[in-house]
Amino acid sequence: MDESGSLLQDLRDRLSASEFHTWAGMEVVEASTGEVTVAMDVLDRHVNLQGLVHGGMLAILADTACGLSIRSAMEAGRLHVTTDLDIHYLAPAEPGRLFGRGKAVRVGRSLAFAEVSIDDGEGRLLARAQSRFSVSGRETPPG
């Protein structure tokens with residue numbers, strides 16, 4: 001498998017192993033170094049009282065796409081933790097398939113920065129966000 005295929009599979013495995021991300025209906029659909037697209041299938045359980053996608057669900061998608069774009073660009077085994085997320089809602093989102101297209105802008109030894117655009121299946125821009133991350137230490141191997 002080529003490097004981008006291996007990266008894509010690694011990120012897919014990470015998300016599918018998470019009950020939270022499974023509940024949210026997320027999957028990684030594209031990945032290359034520093035750029036990741038995450039899709040989310042928005043269901044009735046993800047909407048607010050007006051029947052629109054809850055803003056928190058868009059924030060989850062934004063944080064996940066940004067975080068995975070950072071992960072794809074940093075040294076294997078390093079930790080990264082979101083320190084802040086700044087999201088701007090640009091249009092109401094309706095249930096269906098949404099896409100978060102994250103891009104690592106800068107990955108340093110202790111700090112990282114990423115941006116994301118969220119759109120629907122028709123390409124309509126719904127939100128933009130940016131996020132900063134603390135980068136440190138080493139992951140503890142599972143088991």
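Can you tell me which residue in region 29-73 is nearest to Leu111 (Cα to Cα), limited to those that are touching a helix residue (DSSP H, G or I) at 6+ places or on another chain (Cβ under 9 Å) and polar (S, T, N, Q)?
Ser72
Is it the case that some residue within region 22-37 is open to solvent by 80 Å² or more (accessible area, probe 1.4 Å) and over 15 Å from the mean Cα position of the chain (by Cα)?
For region 22-37, residues open to solvent by 80 Å² or more (accessible area, probe 1.4 Å) and over 15 Å from the mean Cα position of the chain (by Cα): absent.
Residues in region 59-69: is at least one assigned to a strand (DSSP E or B), aliphatic (A, V, I, L, M) and surrounded by fewer than 20 Cβ atoms within 10 Å (Cβ to Cβ)?
no
Considering only region 74-90, state which residues are out of contact with any helix residue (DSSP H, G or I) (no Cβ under 7 Å at 6 or more places or on another chain) and open to solvent by 40 Å² or more (accessible area, probe 1.4 Å).
Selection gives Glu75, Ala76, Arg78, Leu79, Val81, Thr83, Asp84, Asp86, His88, Leu90.
Okay, residues lined up against (1) among the β-branched types (Val, Ile, Thr); (2) open to solvent by 20 Å² or more (accessible area, probe 1.4 Å); (3) closer than 23 Å to Glu122 by Cα:
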residue	(1), (2), (3)
Asp10	no, yes, no
Glu19	no, yes, no
Leu43	no, yes, yes
Val47	yes, yes, yes
Gln50	no, yes, yes
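Take Gly100 and tell me if it is closer than 22 Å to Arg138 by Cα, among the small types (Gly, Ala, Ser) and buried (at least 18 other Cβ atoms within 10 Å of the Cβ).
no
Going by the structure shown, is Ser110 modelled with pLDDT under 95 and of a type in the set (Ser, Thr, Tyr)?
yes
Could you grab the pairs with beta carbons closer than 7 Å, sequence gap of 6+ or different chains, first residue in region 86-107 and at positive phi, second one surrounded by fewer than 17 Cβ atoms within 10 Å (Cβ to Cβ) and at pLDDT below 95?
Gly96/Gly121
Return only the number of the condition from (1) open to solvent by less than 70 Å² (accessible area, probe 1.4 Å); (2) part of a strand (DSSP E or B) that Ala93 does not satisfy.
(2)
The values are calculated or read from the model by the stated rules, or taken from the named source; none is laboratory data. For clarity, every value in this text was computed on a predicted model and none was experimentally measured. Cβ coordinates were reconstructed from backbone atoms using ideal geometry, including for glycine residues, and neighbour counts include every protein chain displayed. Side chains included, ligands, DNA and RNA excluded: accessible areas come from the protein's heavy atoms. Shrake-Rupley method; radii C 1.70, N 1.55, O 1.52, S 1.80 Å.
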